[in-house]
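What follows draws every value from the coordinates through simple rules; no lab data is involved. All values reported here derive from a predicted model rather than from experimental measurement. Cβ: placed from backbone, ideal geometry, glycine included. Neighbour counts: every protein chain shown.
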Amino acid sequence: MADEKCCGAAAQDEKSAGCETIAIEKTGNTCPLCEDYAASQASKPVAVMSCEGACLRGEVARRAANILCHELAPEKTARICLGAAFTKDTGQRNLVRKAPRVVALEGCFIECASRMMRGAIPGLEVHVIAADKLYEFDRDLFGVDEMSEEEMTSHARTVAESVAEQL
Ligand code: SF4
């Protein structure tokens, strides 16, 4: 049976099937480069995270987030390092926690990035974007080795441009 105390946002979601509790090993390690980056991004109004999927859908979402944050809207968006934001309560998580708006570019309908961060920050409001709904491709494909580099980058740009228009 689901433990409603384990994930605030999911517990509030009537459609939620519940949640699972995962103990994340703490680390005393801190990356000064990452902390400096987080501090430099703190004034930006939109935190952008992406799933880090190893499949082509995840790869396209990840590339799209990079194009959006580093090329199309660098003054508005802060690119979040999902692993750091999820696994430890330091600068990256603070960026997500304090951003006026949080966008998640999800590779697919499993929506890993937003589900993870709602677990880390209960009640977090996330604008979830299913990246694979924003470009046309053969939906039977799965792996990054099943699509060319050029096509993945082209799809990522399509996604990034679409999201940039919504900012
Ligand atoms: S959202 Fe989809 S593509 Fe991204 S990590 Fe999760 S399962 Fe993989």
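My understanding is that a pair violates if its Cα-Cα distance is over 28 Å; which of K88/K133; K76/K133; K26/K98 do that in this structure? Provide the component values of the computation, followed by the final result.
On the way: K88/K133 31 Å; K76/K133 24 Å; K26/K98 22 Å.
The pairs that break the limit, which is 28 Å between Cα atoms, are K88/K133.
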**OP:** Averaged over every viewing direction, what's the projected area of the C-alpha convex hull for the chain? Give it in nm², one decimal, please.
**Re:** 10.6
Subject >> Spherically averaged projected area in nm², based on the convex hull that wraps the Cα atoms of segment 62-152 >> reply: 6.6
Subject >> Net charge, C112 excluded, C-beta distance under 14 Å - Lys, Arg +1, Asp, Glu -1 >> reply: -2
**OP:** Take peptides 19-25, 60-66, 103-109 and line them up by average Cβ neighbours within 10 Å, highest first, as a rough protection proxy.
**Re:** 60-66, 103-109, 19-25
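So how do 132-140, 154-162, 68-76 stack up, highest first, on mean other-Cβ count within 10 Å? Kindly include the intermediate steps, with their values, before the conclusion.
Details: 132-140: 12.8, 154-162: 20.2, 68-76: 16.0.
The packing order, highest mean first, is 154-162, 68-76, 132-140.
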